[in-house]
1. May I ask you to give the solvent-accessible area per residue for the stretch A:131-174, in square angstrom, as obtained with a 1.4 angstrom probe?
2. By how many degrees, between 0 and 90 and to the nearest 10, does the Cα long axis of helix B:262-273 differ from the longest principal axis of chain B?
3. Counting only Cα, what are the radius of gyration and maximum Cα-Cα distance Dmax of the stretch A:115-256, in Å?
4. Please give the peptides C:216-227, C:184-195 ranked by average Cβ packing (other Cβ atoms within 10 Å per residue), highest first, as a rough proxy for protection.
5. Just the number, please: buried accessible area between C and B, total of both chains, 1.4 angstrom probe, nearest 100 square angstrom.
6. If packing is taken as the average count of other Cβ atoms within 10 Å, what order do B:57-64, B:224-231, B:138-145, A:51-58 fall into, highest mean first?
7. Work out the charge dipole of the stretch C:129-227 with +1 on the Cβ of Lys and Arg and -1 on the Cβ of Asp and Glu about the Cα centre, then indicate which of C:Gly213, C:Ile136, C:Thr172 is farthest towards its positive end.
8. When you look at the Cβ of every residue in B:298-304, what mean number of other chain Cβ atoms sits within 10 Å?
Amino acid sequence: MSADTAANGQTPVLELKGLSKSFGGLHAVRGVTFKIMPGDRKAIIGPNGAGKTTLFNLITGIFPASSGQVLLFGQDITGWQSHRRTALGMARTFQITSLFPRLTVLDNVLLAIEGLRPSKFVMWRFLSSYRDVYDKAHQLLEQAAFADRANTEVRYLSHGEQRQLEIVLGLASDPKILLLDEPAAGLSSGESVEMTEFLMRLDPELAILLIEHDMDVVFDLAHTISVLHFGEVLETGKPEQIKNSQKVQEIYLGTG
Amino acid sequence: MRSHRLKILMVIVALAAVAIVVPNTGSFVILLVTRALAFSILVMSLDILLGYTGLASLGQAAYLGVGAYATAILATKYHFGLGWDFWLVLLIGILLGAALAAFFGLLAIRASGVYFLMITLALGQCVWGLAYRWNSLTGGDNGINLRERPKFGGIDLANELTFFFLVFAVFCASLALMYTLVRSPFGRSLAGIRERELRMQILGYNTWLHKYIAFIIAGAFGGLSGVLWAHTAGIVSPENVVLTTSVDALLMAVLGGAGTLVGGVIGTFIVFGLREFLSTLVPWWQYVLGVVYVATILYLPTGLMGIPERLRQKRAKPDNPDGAKKLASLHHAEKTT
Amino acid sequence: MNLNFWVIQTFNGISYGALLFLVGSGLSLIFGVMRIVNLSHGSYFMLGGYVALTVIWTTGSWLLAIPVAALTIAFLGLAMERIFLRQLGFDPLRQVLLTVGFAFLFQQAALDIWSGNNFDINPPAVLSQSIQIGGIFLPLYRAFMIAIALAIGLVLWLVMEKTQIGAQVRATVDDAQMARGVGIDTSRISMMIFSLGAFLAALGGVIGGAFLGIYPGLDFEMLPIAFAVVIIGGMGSLGGAAIGALIVGLADNFGKALFPEISYFTLYAPMALILAVKPTGLFGRE
């Protein structure tokens, strides 16, 4: 394992070292550095345009980083394509729901499960003959209380249901770390409480990195919070510290 | 699950009907059906790309072309493929189609949407240009005439009914293989790529590779249809690889319903039928074809196979214009950045 | 292969390029503004030629044939855009298929109206002469083609660069969504550009008809060549279309003269390669 082990001898699940991205002259993300240990629940907050989603896109390999490093389980994955990162145990959801609208809920989950199985290349056998994949899909849908809508096409689900299915898809690959991009976006307050409860029931060993504007969700869920402003980490601390920080009040909570 | 079985059953019944009815008709119909069957393999191969992967290719005729030209050149120049070795030619056609697609795919798969259309158009034109101008190999504008069909064992493919059954058998095998493909894990991954490629990458799929493999498979079936086409038509010419042939295939797939395989076959039969029957009846038959195309695209974007689904939705959700509108869109490449 | 060969072939290539500019610039602008792959563009070229023939047969005036043909086809393009393409919204595949459906209809209509014969459009005798420069005879008509293309190119360039409308078109090419956001009526721009494209293609048909002839199948013969121009030059860029037209015109002429067996291949293979490496074309903006 790499030298970047924490005090307790564990390797961080995810580690960013001076990660930066610029588009032309615009520095969207500047020198972001942090570590996430197994079971950590970390939230990134910041005003719109602070570079939060760009940061996620760098971590998941949608954009190449301009400089800096991304380490997943101590392994440098900075230049890797997205699908290889997923194979190592990373999953994410999107701020703008990005499911497969014209496929059924079940098919969505099946695709998510197959993503990391070698059988995704099999073309001489029906997918429906893979009992284990189907069992797992039904189990996942059961957990998220989707079982009754398994055969509904996703485009007919409500927005809240689609947000939840986003997370189910993220969980289907049994990730070690889950990146959630505004899971509560567009949800009613009742729905976002449900969403928070659902997230709190997840395996405590699963590390979660969360972007969220809904502060109730953030304070319920996160162990630590980092504040991103103009692409830079302004402050990091426990929810209490962040809540009381003068600087954060000024740039975010006060004006937001 | 039950609806799938029902559909399979309906297709089997339809195929059985073809196998029983067609031999009892005149040679005009037998030849027409044989042509349509051979061509519909190409249309189905295109549907793998268009309907299942969301890649609209404007150069699919190129693969029919390599298969057909290979068959014709081997037969006329080397007298190869006119006996038992016909089966070898069938294999060669498949491999050449796949090889060409493997080469073209390297250039084309990176592009998406309109750019994919344009690059496949350009690649198709490359093949056409060679067929048209490379006189010493392809016979140029006149093409190559195949003077005889294969003969092996007690089977003489010059007999049009025997030949019909051969094409029918190859067609059924192709349909079964492609149907298995689109319902396999790999085939489902293509549908996922069609719907949202970025999400597929995040789910762990190397989407480039999946599209590339699909492109090669489509090319292989295109090559196969080319071998059959050469012997069906008896002549191979630049006409087979010209842009309009590719466009025809695309329209047939859309007319029947993209993303259904069987729809492409129905579309092929309708267009071939209109051409052959209507052209003997009225001089303005091509208007009918043009209007059918335009009307399909404007009013029936999911094709003929989409009609039952549309009726069902109209009944089920009369108050969901949004859903109907989205359904009406053949453009699957909704991408988020 | 002496010097004369090179001079004549270059001249022919440039004049053919001039014709291709007329066809390609419109196609390029249509793509740039609407992101439509317009497969009926070759039909506009062919129909322009046919309409001109009719005008010449009835009035005897070649000069009159040019504006009448171009405007008729421009109107045809306008109607097609307004009545049919418009209602598809942004859906490239269906738009492509629709344009090809129309191309088939136009093909049949042309066959019915003008029969399947080959026709030539004969320009006035003044233009049919040859001029002698340094011992080489150059057909005046080809020089005229170059002049027309230059004039059209200049006018287009002035309109694009110096007028309000031109600025709106450029903005739409750059980012249609943004253009709508700042209040540009992109629907109107699309309509204008589409009929302008049809106008230019038909103009090309009339002018090109003098040495290509007008015949069934000309539509789908011109179409891929026009695309080669657009792709090599870069989509949505006037200057690109000019350079693309010149390259294709020269490549086509020298290709046919020097290595006839692979002459089309030498045209389309670079087109495919350029697309693969830089999809927006050599001179297109990202």
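The values are calculated or read from the model by the stated rules, or taken from the named source; none is laboratory data. If you're wondering where the values come from, they're calculated on a predicted model, not measured in any experiment. Backbone-built Cβ (ideal geometry, glycine too); neighbour counts: all protein chains shown. Only protein heavy atoms, including side chains, enter the accessible area calculation; ligands, DNA and RNA are left aside. Shrake-Rupley method; radii C 1.70, N 1.55, O 1.52, S 1.80 Å.
1. 43
2. Roughly 50 degrees, rounded to the nearest 10.
3. Every Cα atom of the stretch A:115-256 included, Rg and Dmax give 18.5, 62 Å.
4. Answer by packing, highest mean first, reads C:216-227, C:184-195.
5. Summing both sides, the interface buries roughly 4100 Å².
6. B:57-64, B:224-231, A:51-58, B:138-145
7. It is C:Ile136.
8. Average neighbour count from other chains, rounded to a whole number: 2.
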